[in-house]
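Okay, so here's the structure we're looking at.
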Amino acid sequence: MLSDLDLVREFVCNSIQKKDILLANRSLTAQTIYNTNHLATKAEGIIATAQLNTTQTEFLILSNSSHWELLNQALPEYNYLLKGNIDSRGFYHYQYCQIPQNYSLQCTKSVLLWRAWWKYRKNTLQRGITSDLLIQTRDSWYPILDLTISKGLLYVKTLGSEIEIHADDLVIWLSKIEASSQN
């Protein structure tokens, strides 16, 4: 039987490839109804959808779903990023985004960006501006110059601006893939 994460990945992959789907496990059901792939649970109903008859696949993910973290883990694996705010029905929109070569996409709580920053911080201090960590702002990727925390807010300084992020907010960022893991 497929795990929840494997079923979510199948849902995402089939939707991107514009294929119908019919899969289920104990907690999730993925099926195609009227040119739309749906992912549902018995308790919550539909938690994710993807239209099959559009040129560019977009995923709608229920913001308060108990499976939201699984979806948020699987979608970035296929370069789909959270775009915009929650719509009037309570769904997040995920769209395809081109990722620069040799980078790994992260969509995490801001505290994980903070942890990564401390790992890469010494490189910044030694070499000046590095491109080890990038953050998206104004639809472009910018190197992170500095990160500070104050009163539950994370301040991310880039070449173009300073971004303010609450401690519990999601943040989309890139980390450089180390040469040893590129095999």
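Assorted remarks:
- Mean projected area (nm²) of the alpha-carbon convex hull when the range 1-66 is viewed from all directions: 4.2
- Taken over the chain, lysine pairs spaced eight or more positions apart, or on distinct chains, with alpha carbons under 23 Å apart number 15.
- Mean accessible surface per residue for the chain, computed with a 1.4 Å probe while every protein chain stays in place, in Å²: 57
- In this simple spin-label model, placing a label point 7 Å from the Cα along the Cα-to-Cβ direction at both Asp6 and Asn85 gives a separation of 4.0 nm.
- Projecting the Cα positions of Ala74, Asn14, Trp173 onto the charge dipole of the chain (unit charges on Cβ atoms of Lys, Arg, Asp and Glu, taken about the Cα centre) puts Trp173 furthest along the positive direction.
- Share of carbon and sulfur in the accessible heavy-atom surface of the chain [1.4 Å probe, %]: 48
- Computed from Cα positions, the angle between helix 110-127 and the longest principal axis of the chain comes to roughly 40 degrees.
- Per-pair calculated FRET efficiency, R0 = 25 Å: His166 and Tyr34 via Cβ, rounded to 0.05: 0.05
The values are calculated or read from the model by the stated rules, or taken from the named source; none is laboratory data. Not measured: the values here are computed from a predicted model. Methodologically, a virtual Cβ is constructed for each residue, glycine included, from the backbone with ideal geometry; neighbour enumeration extends over all protein chains shown. Each accessible area value is taken on the protein alone, full model and side chains, heavy atoms only, with ligands, DNA and RNA left out. Shrake-Rupley method; radii C 1.70, N 1.55, O 1.52, S 1.80 Å.
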